[in-house]
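Remarks on the structure that follows.
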Amino acid sequence: MSRYLLFLHGFEGSSTSYKGQCIRRYLAAHDPDIQLLLPQLACYPQPMWLQIQEILNSFSGQLIGIVGASLGGLLAARTAIESHLPAVLINPLSDLDGLSGWLGERVHPFTAERYRLQPTHLQQLAELMISPQESSHRHWLMLQTGDEVLDFRQALQAHPQARRTIECGGEHGFSGFHRYVPAMIRFLLDNKE
């Protein structure tokens, strides 16, 4: 039976993301029986969530876990809780305060799609956030204190039960991400129910 790993990119990210490609290369070289699912997520929260649900339905019982970065980390946490899968959350979006700068007319930098984010979209994201009580030891929280986009302390508060790796410095993209890929795969395999 084939096994799959789901990677969820961040806000206005891409299915060709650096982190996704690092994971893909590692799997090809070391675990070729695990295939990476790296969807181009929709711009709006509800269609994004429906995409994830379709993937879960299509690969039911075959997923080893979920990796998500930034907004993808928020989505990965909710998806992992609901699907009983382990997850790795990389500098995850953990608080929506201060995201009003996302609102308005936008052009996706990778797909060139034009769209308009409204306050209702932030409310939809808020509904997908997990509470600290839902936090799980089957989540690995990877943070860098130099994240220039999100405050790492919010993720610590939002995910009190998660395994934690906190590096001083770094940035939102998680500098040196490739160093952790082998350990991430082991973590997901060791924590699958």
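Just for the range 1-58: of the residues that are of a type in the set (Lys, Arg) and closer than 18 Å to ALA87 by Cα, which one is least open to solvent (accessible area, probe 1.4 Å)? Before you say what the answer is, go through the steps one by one.
Initially, the range 1-58 is screened for residues of a type in the set (Lys, Arg), giving 3, 19, 24-25.
If we keep only those that are closer than 18 Å to ALA87 by Cα too, we end up with 3, 19, 24.
Values: ARG3: 73, LYS19: 29, ARG24: 96 Å².
Going through the qualifying residues, I end up with LYS19.
One residue is enough: does the range 19-39 have a residue meeting the conditions touching a Gly at 6+ places or on another chain (Cβ under 9 Å) and of a type in the set (A, V, I, L, M, F, W, C)?
Checked the range 19-39: at least one residue is touching a Gly at 6+ places or on another chain (Cβ under 9 Å) and of a type in the set (A, V, I, L, M, F, W, C).
Yes or no: LEU63 among the hydrophobic types (A, V, I, L, M, F, W, C), under 17 Å from TYR180 (Cα atoms), surrounded by 15 or more Cβ atoms within 10 Å (Cβ to Cβ) and in contact with a helix residue (DSSP H, G or I) (Cβ under 9 Å, 6 or more places away or on another chain)?
Details: among the hydrophobic types (A, V, I, L, M, F, W, C): yes; under 17 Å from TYR180 (Cα atoms): no; surrounded by 15 or more Cβ atoms within 10 Å (Cβ to Cβ): yes; in contact with a helix residue (DSSP H, G or I) (Cβ under 9 Å, 6 or more places away or on another chain): yes.
Answer is no for this residue.
The values are calculated or read from the model by the stated rules, or taken from the named source; none is laboratory data. Not measured: the values here are computed from a predicted model. Cβ sites come from the backbone with ideal geometry, for glycine too, and all protein chains shown count toward neighbours. What goes into the accessible areas is simple: the full protein's heavy atoms, side chains included, and nothing from ligands, DNA or RNA. Shrake-Rupley method; radii C 1.70, N 1.55, O 1.52, S 1.80 Å.
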